[in-house]
Amino acid sequence: MSDAHAGRPILVGYDDSPGSQQALTWAVDEARLRGLPVLVCHALHWPYALRPIAQEVLAQIEQVALGVVEDGVRRALELAPGVDVQPLLIRGTPAAVLLEAGRDAELTVLGSRGQGGFDGLQVGSAAVQVPAHSARPVIVVRPLLPPGSQDVRIVVGVDGSPPSLAALAFALDEAALRGGAVTALCCWTPCGSSSWQDPLPFVDSQALRRGAESRFNEVVSHLARNHPDVPVTTEFVSERPQRALIDSSKDATLLVLGNTGNESPSCLLLGPVTQAALLEAWCPIAVASPSS
């Protein structure tokens, strides 16, 4: 961690939902490993913007919100008594509040869905909006399955784009903190596939693949030099990235992706691979951007 980031808190969105309780557990663990404080954040939001609210009703809502934050702080201190935990209550929607508070945080942690939404909703709006707009890393904690292994294994998608290189750097940092290993996964789409309909003329597709795989291994090796004690495995596969990454997350501790990738339309702030992972991954997802 650089001196410029020293003391930045781990921000966690908390609303007492099961998802936010899981996020709190992850955030406290991050803070303990990094030697940083935890900021337990709750958004005070009146959902009926065009309807006035009486002051006494607002006071009651604020009192309930304060109770939620205090509960989060209490839970965090029980999980890690030695960690500095502070409350933060701000008026606004959850996504807006977390994005504003997250500007000064080391990273933001939130559950895949909170108290809002409807039954059957797989991922809440904040879990999509915050990773899409945040300049800092964001970890979205999906409902946790029983771990298949006690070993820490972090999977990261790498396609050579700046966001994916930021994701690789974050994955290596996280593995170093947790004493785990990294699997760097790159997906190759061959000529004549569903997304590349016709073979290019005068092009040796196998030579293209060999060159891409060689460059992939070089990039991973170069960044891995910063963490020589972290075991790193590379996988170069001919498979669609959504499926390959989601399948690889089944026995992973964390899946790390860039906010966008090489195939992401320029109009999107969150690429289709990352969006699919937020919906279907078997483990928590970390989303990094080039400015992380």
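Only residues that are surrounded by fewer than 19 Cβ atoms within 10 Å (Cβ to Cβ), hydroxyl-bearing (Ser, Thr, Tyr) and within 21 Å of residue 36 (Cα to Cα) were counted across the stretch 129-188, and they come to 0. Residues in the stretch 187-200: is at least one modelled with pLDDT of 90 or more and either under 20 Å from the mean Cα position of the chain (by Cα) or not β-branched (Val, Ile, Thr) (or both)? The answer is yes; a qualifying residue exists. If you go through the stretch 70-111 and keep only what is part of a helix (DSSP H, G or I), surrounded by fewer than 21 Cβ atoms within 10 Å (Cβ to Cβ) and of a type in the set (A, V, I, L, M, F, W, C), you end up with 73, 77, 79, 96, 101.
The values are calculated or read from the model by the stated rules, or taken from the named source; none is laboratory data. Keep in mind the model is a prediction, meaning the values are calculated, not measured. A quick note on method: Cβ atoms are made from the backbone with ideal geometry, for glycine too, and the neighbour counts reach across all protein chains shown.
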